[in-house]
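Q: Have a look at the structure that comes next, please.
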Amino acid sequence: MKMWKRMTAMALAVVMALSLAACGSTQQGTASQSEDGQDLQKITFVLDWTPNTNHTGLYVAMEKGYFADAGLEVEVVQPPEDGAEVLVSSGRAQFGVSFQDYVAAALSGDAPLDITAVAALLQHNTSGIISRKGEGMETPKGMEGHKYATWNAPVEQATLRRVIELAGGDFSKVEMIPSTVTDEVSALQSKSVDAIWIFYAWAGIACQVAGLETDYFAFRDIDPVFDFYTPLVIANNDFLAENPETAKAFLEALAHGYQDAIADPEGAAEILMKASPELKDSAELVVESQKYLADQYVADAARWGEFDPERWSAYFTWLNENDLLENPIDPAVGFTNDFLPNA
């Protein structure tokens, strides 16, 4: 869980992005050929982390040939230390995985990154606080007097403060300890920490698979402003402007992959593990996580990938009002639904 560390690194990475662009190292979709001689447009897609069930639709679309059918050859790459945002902004990748809070940080600097969010991978924020069952932390107020593993990030702590105070608690009474958590199950079992910020689709399911009884509350259930988009797909702005039809074709194929993952989560999990064999060591977790996410990819939205402008703006407004960005940003910027396929 290095996301807050990456947000800090992003400001320094802007300089790298600008220098890469100045050196002409952009790769705006070069051409190649399929085995049958069809011309394919090269697309580079950068992940936010190692392959996991947030990304399954991408691998399903690749495995089933949906990108090739759209005239595209997609290369998936791992992110640099400073994340997908810089690589996409520089033009060395056309698309990547990010998060709404990262997009806010990327757009609020003195040299805003050249990115736009173009699709929501999950419709709702599935993150929250997990703890051992029966220790009183099923609500935010219960975190008082307990050890919470913190990244010491302003956005993180402002979020916690908000939900704890809304629940009638005192944020100052939470014992903040530096996070060294790499395995949430082990950290809770060992009692080295009492409460951890997690994304339920992976760490929460991991606790279930391990048979560890837990309590959990989601941030969005405490305050709807925290129902922001995490994770999402970003794109390079120049690429979108110069290649709108290619961008639409890419997102239509990607949507098809996610729709298949919804319809057949176990089959989709097998495709993910085929693409990333190291996940086979956690096969039960992958399958159960995939089943959980099958209901989260679209949820109550009209179509896969759709952003709700009001929800998007509400979170950016909260960041602005709490002075959590380098510079205030227009709450309505940073996303578009224009490249999504119809429902």
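The values are calculated or read from the model by the stated rules, or taken from the named source; none is laboratory data. Being a predicted model, the structure only gives us computed values, none of them experimental. Every residue, glycine as well, gets a Cβ built from its backbone with ideal geometry; the counts of neighbours run over all protein chains shown. To get the accessible areas, we keep the full protein, side chains included, count just its heavy atoms, and leave off ligands, DNA and RNA. Shrake-Rupley method; radii C 1.70, N 1.55, O 1.52, S 1.80 Å.
Q: Of (1) within 23 Å of the chain's Cα centre (by Cα); (2) under 29 Å from residue 55 (Cα atoms), residue 189 satisfies all except one. Which?
A: Only one criterion is unmet by residue 189, namely (1).
Q: Follow-up. Restricting to region 178-197, give me the number of residues that are β-branched (Val, Ile, Thr) and within 15 Å of residue 131 (Cα to Cα). So that I can check it myself, show each step before the final result.
A: Let us first name the residues in region 178-197 that are β-branched (Val, Ile, Thr), namely 180-182, 185, 193, 196.
This time we only want the ones that are within 15 Å of residue 131 (Cα to Cα), so: 181, 185, 193, 196.
Of the residues in that region, 4 qualify.
Q: Show the residue pairs meeting these rules: Cβ distance below 6 Å; 6+ apart or different chains; first residue within region 254-274 and part of a helix (DSSP H, G or I) and open to solvent by 10 Å² or more (accessible area, probe 1.4 Å); second residue of a type in the set (S, T, N, Q) and at pLDDT 95 or above.
A: 265/290
Q: Still on this structure, please answer the following. Restrict the check to region 262-284 and report whether at least one residue is hydrophobic (A, V, I, L, M, F, W, C), at pLDDT 95 or above and over 29 Å from residue 73 (Cα atoms). Break it down stepwise before answering.
A: Restricting attention to region 262-284, the residues satisfying the condition of being hydrophobic (A, V, I, L, M, F, W, C) are 262-263, 268-269, 271-273, 275, 279, 283.
Cutting the leftovers down to at pLDDT 95 or above gives us 262-263, 268-269, 271-273, 275, 279, 283.
Of the ones still in play, those that are also over 29 Å from residue 73 (Cα atoms) are none.
Looking through region 262-284, none of the residues is hydrophobic (A, V, I, L, M, F, W, C), at pLDDT 95 or above and over 29 Å from residue 73 (Cα atoms).
Q: Tell me which residues, restricted to region 168-184, are in a loop (DSSP other than H, G, I, E, B) and touching a strand residue (DSSP E or B) at 6+ places or on another chain (Cβ under 9 Å).
A: Answer for region 168-184, where residues must be in a loop (DSSP other than H, G, I, E, B) and touching a strand residue (DSSP E or B) at 6+ places or on another chain (Cβ under 9 Å): 174, 179, 180, 181.
Q: So residue 79 fits all but one of (1) modelled with pLDDT under 95; (2) within 19 Å of residue 297 (Cα to Cα); (3) touching a strand residue (DSSP E or B) at 6+ places or on another chain (Cβ under 7 Å); what number is the exception?
A: Failing condition for residue 79: (2).
Q: Also, I was wondering about something else. Just one of 138, 156 is acidic (Asp, Glu), out of contact with any Gly (no Cβ under 7 Å at 6 or more places or on another chain), touching a residue at least 12 places away in the same chain (Cβ under 8 Å) and buried (at least 17 other Cβ atoms within 10 Å of the Cβ); which is it?
A: Working: 138 fails: buried (at least 17 other Cβ atoms within 10 Å of the Cβ).
Checking each option against the conditions leaves just 156.
Q: Which residue pairs have Cβ atoms closer than 8 Å, lie 6 or more positions apart in sequence or on different chains, and pair a first residue in region 303-322 that is closer than 25 Å to residue 154 by Cα and part of a loop (DSSP other than H, G, I, E, B) with a second residue that is modelled with pLDDT of 95 or more and of a type in the set (A, V, I, L, M, F, W, C)?
A: Listed by first residue and then by second, the contacts come to 322/158.
Q: What is the number of the single condition among (1) surrounded by 18 or more Cβ atoms within 10 Å (Cβ to Cβ); (2) more than 24 Å from residue 190 (Cα to Cα); (3) touching a helix residue (DSSP H, G or I) at 6+ places or on another chain (Cβ under 6 Å) that residue 79 does not meet?
A: Failing condition for residue 79: (3).
Q: Could I ask something else about it? Please verify whether residue 176 is open to solvent by less than 10 Å² (accessible area, probe 1.4 Å) and farther than 25 Å from residue 231 by Cβ, treating the condition exactly as stated.
A: Judged against the criteria, residue 176 is not a match.
Q: So which residues in region 36-47 are at pLDDT 95 or above and either open to solvent by less than 30 Å² (accessible area, probe 1.4 Å) or under 19 Å from residue 269 (Cβ atoms) (or both)? Working first, answer last.
A: Step one: list which residues in region 36-47 are at pLDDT 95 or above, which gives 41-47.
If the condition is that a residue be at pLDDT 95 or above and either open to solvent by less than 30 Å² (accessible area, probe 1.4 Å) or under 19 Å from residue 269 (Cβ atoms) (or both), then 43, 44, 45, 46, 47 are the ones that fit.
Q: While we're on this one: Right, residue 309: modelled with pLDDT of 95 or more, closer than 24 Å to residue 235 by Cα and open to solvent by 60 Å² or more (accessible area, probe 1.4 Å) or not? Don't jump to the end; show me each part of the working.
A: Working: modelled with pLDDT of 95 or more: yes; closer than 24 Å to residue 235 by Cα: yes; open to solvent by 60 Å² or more (accessible area, probe 1.4 Å): yes.
In short, yes.
Q: Show the residue pairs meeting these rules: Cβ distance below 8 Å; 6+ apart or different chains; first residue within region 48-76 and buried (at least 20 other Cβ atoms within 10 Å of the Cβ); second residue of a type in the set (Asp, Glu) and part of a strand (DSSP E or B).
A: Hits for this filter: 67/73.
Q: Would you check if there is a residue in region 89-104 being surrounded by fewer than 17 Cβ atoms within 10 Å (Cβ to Cβ) and more than 25 Å from residue 309 (Cα to Cα)? Steps first, please.
A: Applying the first criterion (surrounded by fewer than 17 Cβ atoms within 10 Å (Cβ to Cβ)) to region 89-104 yields none.
No; the residues of region 89-104 include none that is surrounded by fewer than 17 Cβ atoms within 10 Å (Cβ to Cβ) and more than 25 Å from residue 309 (Cα to Cα).
Q: From the list 150, 214, 182, which one is polar (S, T, N, Q) and surrounded by fewer than 16 Cβ atoms within 10 Å (Cβ to Cβ)? I'd like the intermediate steps shown before the answer.
A: Details: 150 fails: surrounded by fewer than 16 Cβ atoms within 10 Å (Cβ to Cβ); 214 fails: surrounded by fewer than 16 Cβ atoms within 10 Å (Cβ to Cβ).
Only one candidate qualifies: 182.
Q: For residue 295, are the conditions met, namely being under 15 Å from residue 265 (Cβ atoms) and either surrounded by 14 or more Cβ atoms within 10 Å (Cβ to Cβ) or modelled with pLDDT of 95 or more (or both)?
A: On the way: under 15 Å from residue 265 (Cβ atoms): yes; either surrounded by 14 or more Cβ atoms within 10 Å (Cβ to Cβ) or modelled with pLDDT of 95 or more (or both): yes.
Here the answer is yes, as residue 295 does meet what is asked.
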